[in-house]
Amino acid sequence: MRQIINNWLKISHLSNLKLFSALFLGSNCFLCTASQAKNHGLCEACLNDLPWLPDSSCPQCGLNSGGQICGNCISSPPDFDVTHAVFLYEYPVDAMILRYKYGDTLSLSQTFGQLMSEKIDVTNTSNPIDLIIPMPMHPKRLKERGFNQALEIARVLNQYLTLKNTAKLDYKSVIRQTLTPPQASLPLKDRVKNIKGAFKVNADISGKRIAIVDDVMTTGASLNELAKTLKQAGATHVECWVIARTLPHK
Ligand SMILES: [Zn+2]
Ligand SMILES: [Zn+2]
């Protein structure tokens, strides 16, 4: 499996086109290219091999805790109330996300968005959400990259989510007002300071229950800063919906 995926990750720009059409014609699996894929682009065997987040994670921050609210969340609660992560940030999901963000594999938004909708529909049925807000990107960064990876996942998620009857995709109410170095380029200890004051709410969100969509949650500094900003603007409940959760290094 690892060898097959390594080969896939090395595949050139050109043959990526072939994979792209394979995904949308619903034929071959995006990772192993050998088996029949489901409509999100992966076969059953590859899906089963992915590092799914265990059910034993802390419901508030997503770290492993035996399924209870963890000690950190009790002693210094984050500004968000719930975290749903689909995967652990481990191989090959880490490589898929990097490829999606910095490569040319935008079609992975289909895979990630659909898998996230399945996870949310299963685990979040009793928690109504009013707004789905993708992690905002600064306009300059958006221009450089050409797309906001969180927004593209949120669009697909919103299409497939059963909750969509109540939840509305909203990518306009919050903006990223400061251009800061990417969090991933900084040591963990500097990330809270880097992101402070970065977001601005432009609309009336008082009383709203909000889910923030992002690709990866590492320290949670960006998600926490956004959650704090949303709560200060009157949001009553904030959840983090992410593709992958990084566990602290042992
Ligand atoms: Zn496969
Ligand atoms: Zn926790």
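Tabulated values for the structure
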read-out: Beta bridges by DSSP in the chain, antiparallel share as percent, to the nearest 5; value: 25
read-out: Within segment 157-216: Cβ-based charge dipole about Cα centre, in debye rounded to nearest 20 (Lys, Arg +1; Asp, Glu -1); value: 160
read-out: Whole-Å distance, taken between Cα centres, linking segment 138-152 and segment 55-106; value: 22
read-out: With all protein chains modelled, accessible area of Arg141 [1.4 Å, Å²]; value: 60
read-out: Nitroxide proxy distance, nm - points 7 Å out along Cα→Cβ at Lys200 and Val122; value: 4.1
read-out: The chain: relative contact order in percent, alpha carbon pairs under 8 Å with at least 6 residues between; value: 20
read-out: GNM result for the chain, Cα springs below 10 Å: residue of Leu98, Leu53, Leu106 fluctuating most strongly; value: Leu98
read-out: Accessible-area order (highest first, 1.4 angstrom probe) of the listed residues Tyr160, Tyr102; value: Tyr102, Tyr160
read-out: Net charge of Cβ neighbours under 14 Å - reference Gln183; Lys, Arg +1; Asp, Glu -1; value: +3
read-out: Surface share of carbon and sulfur [accessible, 1.4 angstrom probe, percent] for the chain; value: 55
read-out: For the chain, built as a Gaussian network whose Cα springs stay under 10 Å, the top-fluctuating residue of Phe147, Phe30, Phe112; value: Phe147
read-out: Rounded accessible area per residue of the chain, 1.4 Å, Å²; value: 48
read-out: Zone of Val192's modelled label, taken as backbone nitrogen in segment 39-68 under 18 Å from a point 7 Å along Cα→Cβ; value: 61-63
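The values are calculated or read from the model by the stated rules, or taken from the named source; none is laboratory data. All figures in this text were calculated on a predicted structure; none of them were measured in a lab. Virtual Cβ from ideal backbone geometry, glycine too; neighbours counted across all protein chains shown. Only protein heavy atoms, including side chains, enter the accessible area calculation; ligands, DNA and RNA are left aside. Shrake-Rupley method; radii C 1.70, N 1.55, O 1.52, S 1.80 Å.
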